[in-house]
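The block underneath contains the structure these notes are about, expressed in structure tokens.
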Amino acid sequence: MLVSPPPPTASPSLSRALFLALLVLTVGVSACLAQEDVAESSEERHREMSVDDEEEPEVCEECDGGADAGDAGDAGDAGCEPPEKEFTETATCGDDAGVDAGTDAGTDAGADAGTDAGADAGADGGGGGGGDAGADAGSDAGADAGSDAGTGGGQDAGTGQVADAGSDGGSDAGSARAEESSVQASFAPAATPAPTPVLNPTPTTAGDRTNAAETARMRSRCGMCELRPRTAIDPNKVPYISVHGINAGPDVMNPAINNMPSNAQVYDFFYPDNQHPMETADCLRNAIAQVLGEHSGTTVQVVAHSLGAVIATGADHSLADDEWMPTEVPTNCGVNKKVRGRHRKGFVLEPAPGPGELDLRLTLIDPIFQGFGDAPLFISDCLPGRGDLTSGSALMQTLNNRRTVSRQRRVFYAAQSSDSTARDLTEFDADDLELICKALRGETVRTRKFGLINAWNAVKNQPVGPGGKPLKDALGCNCSAARIKELAKQAAPQLPGDHNTVIPNVPF
């Protein structure tokens, strides 16, 4: 009987080795997959942390909703504060006193950004299509005609066959291109859209100028501002544009308007409280340019109170530079967040008047330049009407720190000490004001006192003393807290009253 041998069996040591190898391979694959999952989740968290605010479509039923900008400082800090600000000033003890580093930086950055963006868009968008289409068509037509002529005849290459090939090929190619061009899109530059109209020449009535009437009007216009005269437009008068503050209607400015000269053509600027002030500043810029065309002179006066002063200053910056606001601001969360609000979707700016065409003069009454609260909300700069008026927001730190076109700028504060709605330099502690002196002596100061820096930027270039030197130059090496308070009252005089009752005391 034949006995089959038993099947071969693996040795115990070999089986263990194979098992261990398989185990190592399994663990390695699992680790790689886990690492990819971690990387993906990390990227997702980073994308979630980065606030990428695209413009939402305008919905007229919703455009007047939301919280008022005046409540921006009341909700507390949500835990993501901005970094400390490195506060420096050009030393006023040297030969270069009076140079405004902040202004130069803003000018260069704005110019570079605008030039690069415009050049790239023009080169890529306009040049590419026409150049490629023409080159391809020409090279193809020429190549086909030439190759046919060359291969067709041998000894007869110089006779009628060549002529036929050249003439027929060229005319055929030309007629084909003519037919093609009739259906191709034109690469001619599109017509420039017309600036958004803001001026309505229909005079207002007293009933139109109440807060309730303005709110209803803005809701019906989906938040689009409007400029209207109080009486029929007289081209020979000087336009005075009145810009009220938050939670008020145009009629709150009546006490100041009563003091205006007899040759004043008064216009009321209607706007919603709850939109980003830069959007409203764009609108006021158009109002200034459009009202200029209604009058024979070049002077436009803007008289603005509280939040209106912020908007008026923004319009002044906008007339000097369309893109005066930064597009992104850093946070301590490790990411940059995009600034929301900026330009209203579909709004077309008026071209800025050229040199000598506009004499803009501002009267700013108890302006809230310091902002509300030194530590802004996490949502600061992201939601219109909330956060953009906190002291550390991009808007408030940029305001009064960029180029302007105004030839005269008067700033008045309310003298009542118990009212801190708008804070001038005299309302800050001596230790705070000493930080300004350190900066003027050339020291670098790192601070989170954004309100102090904003209040300083608002008046540092205002003229003081008999010679009319800018405040920062007049302080010089003799800077002290007491000296700042003394000269600040010359740069921005205090008038009797509180935030609202100061309005009738403004001189014209």
In this structure, is Asn263 out of contact with any Cys (no Cβ under 7 Å at 6 or more places or on another chain), of a type outside the set (A, V, I, L, M, F, W, C) and surrounded by fewer than 19 Cβ atoms within 10 Å (Cβ to Cβ)?
-> yes
Which is of a type outside the set (A, V, I, L, M, F, W, C) and not in a helix (DSSP H, G or I), of Asn259, Asn286?
-> Asn259
Assess whether Asp234 counts as being in contact with a helix residue (DSSP H, G or I) (Cβ under 8 Å, 6 or more places away or on another chain), over 18 Å from Glu279 (Cα atoms), of a type in the set (D, E, K, R) and open to solvent by 50 Å² or more (accessible area, probe 1.4 Å).
-> no
So Thr444 fits all but one of (1) surrounded by fewer than 16 Cβ atoms within 10 Å (Cβ to Cβ); (2) touching a Gly at 6+ places or on another chain (Cβ under 9 Å); what number is the exception?
-> (2)
Residues in region 215-223: is at least one touching a helix residue (DSSP H, G or I) at 6+ places or on another chain (Cβ under 7 Å) and open to solvent by less than 50 Å² (accessible area, probe 1.4 Å)?
-> no
Among the residues of region 371-397, write down those that are among the polar types (S, T, N, Q), open to solvent by less than 10 Å² (accessible area, probe 1.4 Å) and either more than 15 Å from the chain's Cα centre (by Cα) or at pLDDT 80 or above (or both).
-> Thr390, Ser391, Ser393
Provide a single number: the residues in region 297-331 that are under 23 Å from Asn259 (Cβ atoms), of a type outside the set (Val, Ile, Thr), assigned to a strand (DSSP E or B) and open to solvent by 10 Å² or more (accessible area, probe 1.4 Å).
-> 1
Scan region 245-256 and report the pairs whose first residue is farther than 10 Å from Tyr271 by Cα and in a helix (DSSP H, G or I) and whose second residue is of a type outside the set (A, V, I, L, M, F, W, C) and open to solvent by 10 Å² or more (accessible area, probe 1.4 Å), with Cβ atoms within less than 8 Å and a gap of 6+ or a chain change.
-> Asp251/Arg209; Asp251/Thr210; Asp251/Asn211; Val252/Asn211; Val252/Asn500; Pro255/Pro504; Ala256/Pro504
Exclusive hit being open to solvent by less than 10 Å² (accessible area, probe 1.4 Å), under 27 Å from Lys85 (Cα atoms) and either modelled with pLDDT under 95 or not in a strand (DSSP E or B) (or both), set Lys489, Lys485, Lys472 | Lys472
Mind counting the residues in region 354-367 that are assigned to a loop (DSSP other than H, G, I, E, B), open to solvent by 10 Å² or more (accessible area, probe 1.4 Å) and either of a type in the set (Asp, Glu) or modelled with pLDDT of 95 or more (or both)?
-> 2
Please find, among Asp432, Asp498, Asp419, the residue that is in a helix (DSSP H, G or I) and open to solvent by 10 Å² or more (accessible area, probe 1.4 Å).
-> Asp432
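The values are calculated or read from the model by the stated rules, or taken from the named source; none is laboratory data. Computed from a predicted structure; not experimentally measured. Note that each Cβ is placed from the backbone with ideal geometry, even for glycine, and that neighbours are counted across all protein chains shown. The area values use the complete protein model at the heavy-atom level, side chains included, leaving out ligands, DNA and RNA. Shrake-Rupley method; radii C 1.70, N 1.55, O 1.52, S 1.80 Å.
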